[in-house]
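Structure record follows, encoded as structure tokens.
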Amino acid sequence: MSALEIRNLRKAFGGLQVISDLDLKVPPGQRHAVIGPNGAGKTTLFNIITGWQPPTSGEILIQGVPVQQGRPDLVTRGGLSRSFQKNMLLESVTVLENLRVACQAFDASRHSVFRSSWSFSDVIRKARRAAEQMHLDTVLDRKVNELSYGQKRQLEVAIALCAEPKILLMDEPAAGTSPDERNSLIELINGLSPELTILLVEHDMDVVFAICDIITVLSYGRVLATGTKDQIQSNPQVIEAYLGRRHA
Amino acid sequence: MSADVALSSEQRIGVLKRLPLPASRRAYAALFALFAVSLCALPSFVSGYVMTLAVEAMIAGVFASGINLLTGYTGLVSLGQAMFLGFGGYGIAIGTALLGWPLWISAPVTLVVVAAIAAPIGAICTRTRGVEFLLITLAFSQMFYGAAIKLRWTNGSDGMTGIPRPDLSLLGVSADNPTVFYYYVLAVAVLSLLMLWRIVTSPFGSVLVGIRENERRMMSMGYSVANYKIGSFALAAVICAVAGILQSQYTYFVNPDAMSWQMSGEGVLMVIIGGANVVLGPFVGATVFVVVKQALSMITEEYNLFFGIFFMLVVALFRGGVLGFISTPIGKRQ
């Protein structure tokens, strides 16, 4: 069974067809990139997969279970977590609080009203582990709005990991980072469990090639090609539409 | 808690940083203790008039605390919380004066009924956000305000009288005595404050803060945000209803004015003046509000005009309200 399966997906905004008859199968543990020029429908695809936008038609299955549209929380509970293209963090609280709240979402304590949130040691332990995993353990007590941009991107991924997902969707995780921050992020992502399925949208081809085994190229909402790095790099249609000569 | 995750003092201070409180827990505890001791000792040092103002400030503080849970912590600005203030007053009036129930039954029944009414109203209102939320809560409030004016069995615009204060004869005192009533209101206010403090420092409270900060992120974390917002709405309504019960006992009557939109607006002003998302903020705001308004009304009949100027100055000069301003380090003030 595929970790993620998309069947005949279509999405139109009025007369504008953003995604057309898209099929995609991502097996468990695969590192899969979706690339394409601006407006190819990548972020729309992510929003549909994660329940933020309804498809016009088609079906999305996460580990064989259809996605319930309009309920991103249930998608996350179904084992698929995402990081966002633009940082979506709890800016005025600390890094630890961001991670604690993220880990708490999967703990029975999340409904508790009459106990301190800091008395649930398992949740705090999980939050610390997520911080260590993304090298944020030295800034736990810092407020998010005091972090560097690269650290914020790391926190985005760390929050997504708190859900202990089977599938992780990352929307341009390296966008806006410096070369050093980008290399550090690549290293961190490659250090994640090999059992974790990753679907990545990224414009930076160096990041894509460093992380992913399989690449799907979208163009005008259609799949132009799917294959390994070498297959994609040598595909004339992809070179023409997106890659250019540097990555060929 | 196991030893490896026990929080160090630094981490605990980090926890406090989640809220714009004074720099350390010790300072906050000292502030709270000073506040509590001052209030306990107040009747020994002041006149009956000042005590009356203090009672009004405490009742207003409880009311504003309910608004703060919704506005300051959850980020939902409501102009309809006075309807729950009215529900509290009318509930206790119907229970005691109309049905003849004792106060100790009427009060909890009132609060349960308020929560039961607030939950579906919250379910409707929290489907909206921003200005729409503000307007829909105002609409609900005005609807019940209109109903209270028209209903004959609650005496329409005349309201209901004969609301009893608690029977404290077992303690050998009467709540009709202003000093005794002061301590009764103080006890309820402190309990409400402690309850609110526990709510906002609980996992539930941290989700509310998360919703205020970034609702989409909370959904994406796996939280059913709608349920938390309804929960916040209902809890805030119950706290406002507690204030309504106290208010009706203070004046021995309740009328539809308790549910007016002006009352809701004043509650929001108190939260802004004292400091939103600070537990003590609404009490400070309510005290400033009551005292300044009273002082201005003694000077001029046009006190509302001058109060407006005062409010603008507070907003302009005290970013984050009085407590927010005090708790912000000098270098970081804007």
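The values are calculated or read from the model by the stated rules, or taken from the named source; none is laboratory data. Nothing here was measured: the structure is a model prediction, and the numbers come from that model. Positions of Cβ are backbone-derived with ideal geometry, glycine not excepted, and every protein chain shown enters the neighbour counts.
Quick notes
- Any hit, region B:154-163, residues being among the small types (Gly, Ala, Ser), touching a helix residue (DSSP H, G or I) at 6+ places or on another chain (Cβ under 9 Å), surrounded by 19 or more Cβ atoms within 10 Å (Cβ to Cβ) and assigned to a loop (DSSP other than H, G, I, E, B): yes
- Test: B:Thr137 is under 19 Å from the mean Cα position of the chain (by Cα), modelled with pLDDT under 95 and buried (at least 17 other Cβ atoms within 10 Å of the Cβ): no
- The residues in region B:90-127 that are assigned to a loop (DSSP other than H, G, I, E, B) and either at positive phi or crowded, with 18+ Cβ neighbours inside 10 Å (or both) can be counted, and the count is 2.
- Look at (1) over 27 Å from A:Val113 (Cβ atoms); (2) in contact with a Lys or Arg (Cβ under 7 Å, 6 or more places away or on another chain); (3) buried (at least 21 other Cβ atoms within 10 Å of the Cβ) and you find that B:Pro256 fails only one, number (2).
- Qualifying positions in region B:216-249 - at the interface with chain A (Cβ under 10 Å from one of its Cβ atoms), assigned to a helix (DSSP H, G or I) and either aromatic (Phe, Trp, Tyr) or more than 17 Å from the chain's Cα centre (by Cα) (or both): B:Arg216, B:Arg217, B:Met218, B:Met219, B:Ser220, B:Met221, B:Val225, B:Ala226, B:Asn227, B:Tyr228
- Filtering region A:55-65 to residues that are under 24 Å from A:Ala102 (Cα atoms) and surrounded by fewer than 16 Cβ atoms within 10 Å (Cβ to Cβ) leaves only A:Val65.
- Residues (over 11 Å from B:Leu76 (Cβ atoms) and not aliphatic (A, V, I, L, M)) located in region B:112-131: B:Pro120, B:Arg127
- Test result for A:Gly41, over 21 Å from B:Arg216 (Cα atoms), crowded, with 16+ Cβ neighbours inside 10 Å, modelled with pLDDT under 90 and touching a strand residue (DSSP E or B) at 6+ places or on another chain (Cβ under 8 Å): no
- So A:Glu156, is it surrounded by 22 or more Cβ atoms within 10 Å (Cβ to Cβ), under 20 Å from B:Met219 (Cβ atoms) and either within 12 Å of chain B (Cβ to nearest Cβ) or of a type in the set (Ser, Thr, Tyr) (or both): yes
- For B:Ser192: the one exception among (1) closer than 22 Å to B:Gln262 by Cβ; (2) surrounded by 20 or more Cβ atoms within 10 Å (Cβ to Cβ): (1)
- Candidate set: region A:129-149, residues that are assigned to a helix (DSSP H, G or I) and surrounded by fewer than 17 Cβ atoms within 10 Å (Cβ to Cβ); chosen: the one nearest to the chain's Cα centre (by Cα): A:Tyr149
- Where helices (runs of 4 or more DSSP H) sit wholly within region B:6-72, those with at least 1 residues that are at pLDDT below 80 and out of contact with any strand residue (DSSP E or B) (no Cβ under 9 Å at 6 or more places or on another chain) occupy B:9-16, B:25-45.
- Residue check for B:Leu208: under 12 Å from the mean Cα position of the chain (by Cα), buried (at least 22 other Cβ atoms within 10 Å of the Cβ), in a helix (DSSP H, G or I) and within 13 Å of chain A (Cβ to nearest Cβ): no
To keep it simple, each residue is scored yes or no on (1) within 14 Å of chain B (Cβ to nearest Cβ); (2) out of contact with any strand residue (DSSP E or B) (no Cβ under 8 Å at 6 or more places or on another chain); (3) buried (at least 17 other Cβ atoms within 10 Å of the Cβ).
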residue: A:Trp52; (1), (2), (3): yes, yes, yes
residue: A:Gln68; (1), (2), (3): yes, yes, no
residue: A:Gly78; (1), (2), (3): yes, no, yes
residue: A:Ser92; (1), (2), (3): yes, no, yes
residue: A:Ala105; (1), (2), (3): yes, yes, yes
residue: A:Val113; (1), (2), (3): yes, yes, no
residue: A:Phe120; (1), (2), (3): yes, yes, yes
residue: A:Ala127; (1), (2), (3): yes, yes, yes
